[in-house]
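S.K.: Let me begin by handing over the structure; questions about it come next.
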Amino acid sequence: MAYKVRISAPTKEEARSISDLLIEEKLVSGTLITSGESRYHWDGSIEEQEYFNIHAYTIEDNKDEIIENVEDMHSDETPIIEFIEIEGNKKFLDWVSESVKD
């Protein structure tokens with residue numbers, strides 16, 4: 001089963017570091033980093049800041065290792081690490097499976 005992964009990061013540098021690690025360890029097939037305004041509840045108030053989102057693709061077997069690696073290097077107390085099960089064309093799904101380690 002293939003998954004789309006979204007991971008938030010508070011800085012571009014942190015997003016790049018996380019992205020590089022996940023690609024080097026063959027935990028994801030590749031990444032796309034986007035940014036935008038984020039508003040959220042934290043410690044009783046509404047916070048606002050720019051966040052960077054890492055979008056990537058992986059397989060189910062890599063989910064736990066992705067979570068462990070991201071939590072170890074992430075500066076946020078509660079990082080977003082989101083997995084969404086996906087379907088797609090065979091060539092794309094084959095690329096995802098072939099690009100990551102089992």
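S.K.: What relative contact order, as a whole-number percentage, does the stretch 2-99 give when Cα pairs under 8 Å and 6 or more residues apart are counted?
M.R.: Details: 162 pairs, mean separation 42.4, N = 98.
It comes to 43 percent, rounded to a whole number.
S.K.: Right, here's the next one. Quick one: 3J(HN,Hα) in Hz for the stretch 56-66, Karplus 6.51/-1.76/1.60 with θ = phi - 60°, rounded, Gly and Pro as x.
M.R.: For the stretch 56-66, the Karplus curve yields 8, 10, 8, 10, 4, 4, 9, 4, 4, 5, 4 Hz.
S.K.: Using a Gaussian network for the chain with springs between C-alpha atoms less than 10 Å apart, which of these wobbles most: E50, E37, E82?
M.R.: Among E50, E37, E82, the largest mean-square fluctuation in the Gaussian network model of the chain belongs to E37.
S.K.: What are the residues whose amide H is under 5 Å from the amide H of S38, where those residues sit 5 or more places off or on another chain and H is modelled from the backbone?
M.R.: It is Q49, E50, Y51, by chain and number.
S.K.: Cross-link partners among aspartates and glutamates for K63, C-alpha distance below 14 Å, same-chain residues fewer than 8 apart left out?
M.R.: Partners within reach: E25, E71, E82, E85, D102.
S.K.: If you average 1/r over all unlike Cα pairs in the chain and invert the result, what Kirkwood radius do you get in angstrom?
M.R.: It works out to 14.1 Å.
S.K.: Then there's this: E65 versus K12, label points 7 Å from Cα toward the beta carbon: distance in nm?
M.R.: 3.0 nm
S.K.: Right, something else. For the pair T34 and D94, how long in nm is the line joining their label points, each one 7 Å along Cα→Cβ?
M.R.: Roughly 2.8 nm, to one decimal.
S.K.: Please list, in order, the residues from the stretch 66-96 whose amide nitrogen is less than 17 Å from a point placed 7 Å along the Cα→Cβ vector of L21.
M.R.: Of the residues in the stretch 66-96, 66-82 have backbone N under 17 Å from the label point off L21.
Only the coordinates and a few stated rules stand behind these numbers; no lab work does. This one's a predicted model, so the numbers in the text were calculated from it and none came from an experiment. Cβ coordinates were reconstructed from backbone atoms using ideal geometry, including for glycine residues, and neighbour counts include every protein chain displayed.
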